[in-house]
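Heads up: the structure comes next, in structure tokens.
The values are calculated or read from the model by the stated rules, or taken from the named source; none is laboratory data. Since we're looking at a predicted model, the values are computed, not measured. Because the Cβ atoms are built from the backbone with ideal geometry, glycine has one as well, and the counts that use them run over all protein chains shown.
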Amino acid sequence: MEEYLHLIPERNENIELRKIEGKYYLLIPMDSPLDFLARKLHGDYRRIELDEAGAFIWELCDGRRTVEEIGKLLKRRFGDEVEPLYERLITFLFELHKRNLVGFKRVGELE
């Protein structure tokens with residue numbers, strides 16, 4: 001797990017976080033021609049609901065902070081509620097990565 005702490009997550013700039021009726025959502029544009037039917041049924045965006053901690057993490061994925069730094073800020077804000085901290089954080093970030101919502105770079109990598 002140590003090697004993941006030095007990764008720097010960066011959110012996909014096409015994805016928007018929005019609070020709608022008290023809930024946080026990632027709005028993912030459906031811009032592929034293959035999304036035609038989904039757009040007809042659901043509008044222009046897919047939605048992924050996030051809890052408050054997930055929305056907080058999303059905002060911190062700015063391409064400047066490491067996973068370790070994000071974890072420290074998460075712990076400071078939410079305390080024991082986010083334990084086991086790094087296991088949960090890394091799992092969440094890799095789920096976002098699998099969906100192309102965040103990318104990773106390593107400390108020292110050029111932009």
Task: Residue list for region 51-102, filter: at positive phi and among the polar types (S, T, N, Q) - done: N100
Open item on the list: Can you list the helices (runs of 4 or more DSSP H) lying wholly within region 1-96 that have 1 or more residues being surrounded by 13 or more Cβ atoms within 10 Å (Cβ to Cβ) and modelled with pLDDT of 95 or more?
Closed with: 52-60, 67-78
TODO: Please find, within region 100-111, the residue that is nearest to the chain's Cα centre (by Cα) out of those that are loosely packed, with under 14 Cβ neighbours inside 10 Å and in a loop (DSSP other than H, G, I, E, B).
DONE: N100
